[in-house]
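Where a number appears in this text, it was derived from the coordinates with a stated rule and is not lab data. Computed from a predicted structure; not experimentally measured. Heads up, the Cβs are rebuilt from the backbone with ideal geometry, glycines too, and the neighbour counts pull from every protein chain shown.
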């Protein structure tokens, strides 16, 4: 599954985590997202959690 949209650290994060838990190979196209990042550093925390869960963080040049 390929994900993009708003907000990277909330909606995209939860969709990616759910997708991975359901067994889908999951990619987040980071340059096609934007973060809220409140509190500061939240985005990096969520990105690291996604990577640890097996979500692949890519950019649109991947295609």
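Quick rundown of the values:
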| item | result |
| --- | --- |
| Structure-based [θ]222 nm, the chain - -39500 (n - 2.57) summed over DSSP H runs of at least 4, per residue, nearest 500 | -10000 deg cm²/dmol |
| Dimensions in Å of the chain - Rg and Dmax from alpha carbons | 10.6, 32 |
| Relative contact order (percent, whole number), the chain, Cα cutoff 8 Å, 6+ residue spacing | 39 percent |
| Protection-proxy order for peptides 46-53, 20-27, each taking the mean of Cβ atoms within 10 Å per residue, highest first | 46-53, 20-27 |
| Neighbour-count order for 6, 32, fewest beta carbons within 10 angstrom listed first | 6, 32 |
